[in-house]
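The values are calculated or read from the model by the stated rules, or taken from the named source; none is laboratory data. Since the model is a prediction, treat every value here as computed from it, not as a measurement. Note: ideal-geometry Cβ built from the backbone for every residue, glycine included; neighbour counts use all protein chains shown. Side chains are part of the model used for accessible areas, which takes the heavy atoms of the whole protein and leaves out ligands, DNA and RNA. Shrake-Rupley method; radii C 1.70, N 1.55, O 1.52, S 1.80 Å.
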Amino acid sequence: MLIASDQFRIVVGLGKSGMSLVRNLARQGLAFAVADTRANPPELQALRSEYPQIEVRCGELDVEFLCRASELLVSPGLALSTPALQEAAARGVKISGDIELFAREARAPIVAITGSNAKSTVTTLVGEMAAAAGRRVAVGGNLGTPALDLLDDSVELYVIELSSFQLETTDRLDAEVATCLNISEDHMDRYSGLPAYHQAKHRIFRGARQVVFNRDDQLSRPLIREDIPLWSFGLGRPDLKGFGLVEEGGEKYLAFQFEPLLPVRELKMRGAHNQSNALAALALGHAVGLPFEPMLQALRAFTGLPHRCQWVGECRGVSYYDDSKATNVGAALAAIEGLGADIEGKLVLVAGGDGKGADFNALRAPVARFCRCVILLGRDAARLAETLDGAVTTVFVKSLDGAVREAAEQAQPGDAVLLSPACASLDMFKNFEERGRLFAAAVEALA
């Protein structure tokens, strides 16, 4: 029999977002406890130091303990398919997360951004645009500061990046404007297939007052009521309520509807995928009333985020780009196609790692078109080589240093060496940031 109190909650998962939940509940004076499947979760010491009175249970989840709560606030790192969570839900315990609490408490409009790729770049860009327009803006969520830690009555606009895991525990976000930038296979080790992943992503549109979708990816377009304003972005010529590219006098421009806004050459970010990111940010900013002048000013100044197709150096006429954040096939595709079409020579691609169960077949055609050679390392290197067999020369290496040295041997002047792994990093590195830093260090060592 379920014994629960409306006044009692349990935070499940004591990482970064879990600790933000702890702070939020403690600030409100609410009764709660904490559980984590790990023996020594990352924030355990901080919790015991700051909130010694809070009960914490580490190790295998106890269903009877979980069922003492009326609501479980589950961190995104823990799959909802976990048997103890399933059992608690079956016995009537509500399951929520940090974004659900954030949405209940936020008093300013929310710009909500998800997608398989580019969400951090677009989130950061919209935040920069809002700041340039003089708005008191708070930026975070899946990127940087946890959403609950952003809550402040002085904030005029929230710009929030959201993962599919966060959206699974969000019943209704009620964003002023929401977008799913794109959909491609990711986290297939956690989802039953692309439809389940797509469904999780599209929870972002629940209660949205406006929607932005990607004309180049129909999976990004939700089924919504006809009275909800719908804006679009894409790399083709824009139409009404659309952002896109136009050509005038032999020069390509970012444009809104039929009006050129900014020459593409003024963007510091390279590649067609970053032009798409700029257009997405413009669409979101326009939807919440940001003027074009400060938005374009922010675009001109923005150099891109670390490890996202970031230029790290040049050696003997070859440029080197760190796209370590490309932890799935869709992200690698965007970089290969975007950068490959934007350079004079060919790409030498460095790829491999933990493929998370993804299908690599979509890489074959663009790799054949844009790449001179692919250097492979990590757990799924052999799977990638099998997919690319006959399309391009592949070389196996055992380390990132070895990959950079081999790439330098293969590249010709005018080429670019691109680290865009299409895989997660955890088989060899602490995270994708470490992978990117080590790549940059290996490039620097070439000189």
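When Asp152 is tested against (1) part of a loop (DSSP other than H, G, I, E, B); (2) open to solvent by 40 Å² or more (accessible area, probe 1.4 Å); (3) within 19 Å of His307 (Cα to Cα), just one condition goes unmet, and that condition is (3). Of the residues Lys356, Lys346, which is within 25 Å of Gly313 (Cα to Cα), among the basic types (Lys, Arg) and either touching a Leu at 6+ places or on another chain (Cβ under 7 Å) or open to solvent by 10 Å² or more (accessible area, probe 1.4 Å) (or both)? None of the other options fit; the residue is Lys346. Close contacts from region 93-117, counting a first residue that is in a loop (DSSP other than H, G, I, E, B) and a second that is among the aromatic types (Phe, Trp, Tyr), with Cβ to Cβ under 9 Å and a gap of 6+ residues or different chains, come to Gly97/Phe165; Ala106/Tyr158; Ala108/Tyr158; Pro109/Tyr158; Ser116/Tyr197.
Scanning region 316-325 for residues that are surrounded by 16 or more Cβ atoms within 10 Å (Cβ to Cβ) and not aromatic (Phe, Trp, Tyr) gives Val318, Ser319, Asp322, Asp323, Ser324, Lys325.
Taking residues in region 360-371 that are in the same structural domain as Pro421 (by the TED database) and modelled with pLDDT of 95 or more, and partners anywhere that are among the basic types (Lys, Arg) and not in a helix (DSSP H, G or I), the pairs with Cβ atoms closer than 7 Å and at least 6 places apart or on different chains are Phe370/Lys346; Cys371/Lys346.
Within region 289-315, can you find the residues that are closer than 30 Å to Pro413 by Cα, surrounded by fewer than 20 Cβ atoms within 10 Å (Cβ to Cβ) and not hydrophobic (A, V, I, L, M, F, W, C)? Correct list: Arg300, Thr303, Gly304, Pro306, Gly313, Glu314.
Can you name every residue in region 399-432 that is aromatic (Phe, Trp, Tyr) and either in a loop (DSSP other than H, G, I, E, B) or not assigned by the TED database to the domain that holds Leu339 (or both)? Phe429, the sole residue that qualifies. Listed by first and then second residue, the pairs with beta-carbon distance under 9 Å, at least 6 apart or on different chains, first residue in region 296-323 and under 17 Å from Val264 (Cα atoms), second of a type in the set (Asp, Glu) and open to solvent by 20 Å² or more (accessible area, probe 1.4 Å), are Leu296/Glu266; Ala298/Glu128; Leu299/Glu128; Leu299/Glu266; Arg300/Glu266; Ala301/Glu128; Phe302/Glu128. When we screen Leu377, Leu290 for residues that are under 23 Å from Thr121 (Cβ atoms) and touching a residue at least 40 places away in the same chain (Cβ under 8 Å), the only hit is Leu290. Among the residues of region 170-185, not one is crowded, with 23+ Cβ neighbours inside 10 Å and farther than 26 Å from Gly285 by Cβ.
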